[in-house]
Amino acid sequence: MNDNTKPDTLAQDRDKVIIHTSIIGIMTNVFLSAFKAVIGIISNSIAVTLDAVNNLSDAISSIITIVGTKLAGKLPNKKHPLGYGRIEYLSAMIVSGIVLYAGITSAVESIKKIIHPEKPEYKIISLIIIAVAVLVKIILGKYVKKKGEQVNSGSLVASGSDAMFDAVLSGSVLISAIIYMISGLSLEAFVGVIISAFIIKAGIEMMIETLNEIIGIRADKEKTDKIKALLSEDDEVRGAYDLIMYNFGPDTDFASVHLELPDTMKAREIDKLTRRLEKKVYKETGVVLAAVGVYSYNTGNDEAADIQNDVRERVMAHDWAVQFHGFYVDTEAKEMTFDIVMSFDIRPKEGIDIIYSELKAAYPDYEIQIAPDVDITD
């Protein structure tokens with residue numbers, strides 16, 4: 001299998017796993033929902049009925065996950081050259097909305113039952129079915145979560161965790177039913193409120209997590225560290241900086257980076273180096289280096305090295321200065337350039353003005369160019 005076909009094959013395998021796992025989840029949740037709905041109606045139990053609604057919402061969520069995965073798997077075209085991967089985030093947002101709606105509706109019905117209580121009528125067979133449902137949910141939850149972790153699917157991992165949590169909620173329904181049969185104390189409406197609260201909480205958390213993905217979050221430190229390490233392994237690369245990740249869906253990452261290279265390298269040498277590094281990074285991490293910029297550093301000039309060390313010391317003396325790089329000085333033309341990565345504790349313009357004033361006082365004859373960088377990745 002060559003490198004050109006490998007990504008497509010992996011994407012197809014991933015989609016198959018997500019769809020197959022989601023179908024199993026749909027079938028399981030539909031059966032559980034049907035059984036619980038019948039039990040809830042026969043026993044006049046709002047808690048069991050709401051548990052059935054929760055299972056049904058899980059089934060609908062799985063259907064949306066399948067649809068989202070199929071749409072996200074569409075091949076790139078002229079209108080969408082980077083593919084449709086981000087559709088998965090939109091489908092996750094719809095799922096979170098359904099979960100939130102189910103939770104709010106459940107809360108309203110439970111409160112009505114508290115205000116106007118009705119006595120449930122549980123039977124042994126009902127309790128056995130609920131107990132079996134708890135066991136099935138635990139098994140389903142572990143299976144779905146494991147598959148989600150294998151293919152890096154946030155939707156499946158969330159579904160698996162939700163299924164495990166549903167088992168806890170169903171267990172609370174079972175306990176309240178047993179308490180009622182033993183003591184005659186009806187807690188099911190209150191249990192319904194508790195279930196509703198947890199469903200609402202889950203919906204809000206899912207929505208926030210998906211919004212963060214859509215807005216854009218800080219790249220995974222382990223991945224960015226690995227990319228920088230891979231780039232810096234080459235003898236000619238003194239450092240890799242300004243790494244920015246661009247996500248276009250699960251497992252679809254592009255990136256841009258600056259490499260610090262000696263000022264003696266020729267264009268052809270740089271071209272060969274960057275092509276080699278792009279291939280290396282993609283093979284090891286699956287990230288496409290879409291753009292590679294270059295900083296040059298001084299070689300064979302003691303005066304330039306002394307100036308660089310002095311400037312670095314002055315810059316890094318400030319708490320808000322996260323990183324100093326890309327330094328180059330032309331001692332004959334009296335020019336120096338460098339970049340500063342600043343924390344979010346200071347405005348870029350304010351930081352640049354402070355550093356510029358300090359350096360201009362120390363090097364009045366030099367033209368100083370400072371580029372502010374955002375603290376995007378670790």
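Reported count of residues in the stretch 1-56, each being of a type in the set (Lys, Arg) and either in contact with a Lys or Arg (Cβ under 8 Å, 6 or more places away or on another chain) or modelled with pLDDT of 80 or more (or both), is 2. Residue count for the stretch 60-114, restricted to those that are within 24 Å of ILE23 (Cβ to Cβ), among the basic types (Lys, Arg) and either in contact with a helix residue (DSSP H, G or I) (Cβ under 7 Å, 6 or more places away or on another chain) or loosely packed, with under 15 Cβ neighbours inside 10 Å (or both): 1. Every residue in the stretch 290-318 that is of a type outside the set (Gly, Ala, Ser) and in contact (Cβ under 8 Å) with a residue 40 or more places away in the chain, please. Across the stretch 290-318, the qualifying residues are TYR295, TYR297, ILE307, ASP310, VAL311, ARG314, VAL315. Between GLY184, GLY160, the distinction of being in contact with a Gly (Cβ under 6 Å, 6 or more places away or on another chain) and surrounded by fewer than 24 Cβ atoms within 10 Å (Cβ to Cβ) belongs to GLY160 only. When the residues of the stretch 121-131 are filtered to those that are touching a residue at least 24 places away in the same chain (Cβ under 8 Å) and part of a helix (DSSP H, G or I), the one that is surrounded by the fewest Cβ atoms within 10 Å (Cβ to Cβ) is ALA131. Has the stretch 71-80 got any residue that is out of contact with any Cys (no Cβ under 8 Å at 6 or more places or on another chain), part of a helix (DSSP H, G or I) and not assigned by TED's automatic domain parsing to the domain that holds ASP253? Within the stretch 71-80 (the criterion being out of contact with any Cys (no Cβ under 8 Å at 6 or more places or on another chain), part of a helix (DSSP H, G or I) and not assigned by TED's automatic domain parsing to the domain that holds ASP253), the answer is yes, since at least one residue qualifies. Among the residues of the stretch 292-326, those that are over 34 Å from the mean Cα position of the chain (by Cα) and not in a helix (DSSP H, G or I) comprise SER296, TYR297, ASN298, THR299, GLY300, ASN301, ALA317. Do we find that ILE208 is surrounded by fewer than 16 Cβ atoms within 10 Å (Cβ to Cβ), in contact with a Lys or Arg (Cβ under 8 Å, 6 or more places away or on another chain) and part of a helix (DSSP H, G or I) in this structure? Answer is no for this residue. Of the candidates THR224, THR252, the single residue that is crowded, with 19+ Cβ neighbours inside 10 Å, modelled with pLDDT of 85 or more and among the β-branched types (Val, Ile, Thr) is THR224.
Filtering the stretch 329-378 to residues that are closer than 17 Å to SER296 by Cβ, outside any loop (DSSP other than H, G, I, E, B) and without any contact (Cβ under 8 Å) to a residue 12 or more places away in the chain leaves only ASP330. Give the stretch 252-281 a look and list any residue that's touching a Ser or Thr at 6+ places or on another chain (Cβ under 9 Å) and within 30 Å of ASP13 (Cα to Cα), or say none. Within the stretch 252-281, ASP253, ALA255 meet the criteria.
This table checks each residue for (1) surrounded by fewer than 17 Cβ atoms within 10 Å (Cβ to Cβ); (2) of a type in the set (Val, Ile, Thr); (3) at negative phi; (4) touching a strand residue (DSSP E or B) at 6+ places or on another chain (Cβ under 6 Å).
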residue	(1), (2), (3), (4)
GLY300	yes, no, no, no
ALA305	yes, no, yes, no
ASP310	yes, no, yes, no
VAL322	no, yes, yes, yes
ASP330	yes, no, yes, no
SER343	yes, no, yes, yes
ASP353	yes, no, yes, no
ALA371	yes, no, yes, yes
ASP375	yes, no, yes, yes
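Filtered by the rule that a residue be aliphatic (A, V, I, L, M) and either touching a strand residue (DSSP E or B) at 6+ places or on another chain (Cβ under 7 Å) or in contact (Cβ under 8 Å) with a residue 40 or more places away in the chain (or both), the stretch 132-154 gives ALA133, VAL134, VAL136, LEU140, VAL144, VAL151.
Flag not set for GLU278, criterion: touching a strand residue (DSSP E or B) at 6+ places or on another chain (Cβ under 7 Å), of a type in the set (Asp, Glu), under 26 Å from ASP220 (Cα atoms) and in a strand (DSSP E or B).
The values are calculated or read from the model by the stated rules, or taken from the named source; none is laboratory data. Quick caveat: nothing in here was measured; it's all calculated off a predicted structure. When we count neighbours, we look across all protein chains shown, and the Cβ atoms used for this are built from the backbone with ideal geometry, even at glycine.
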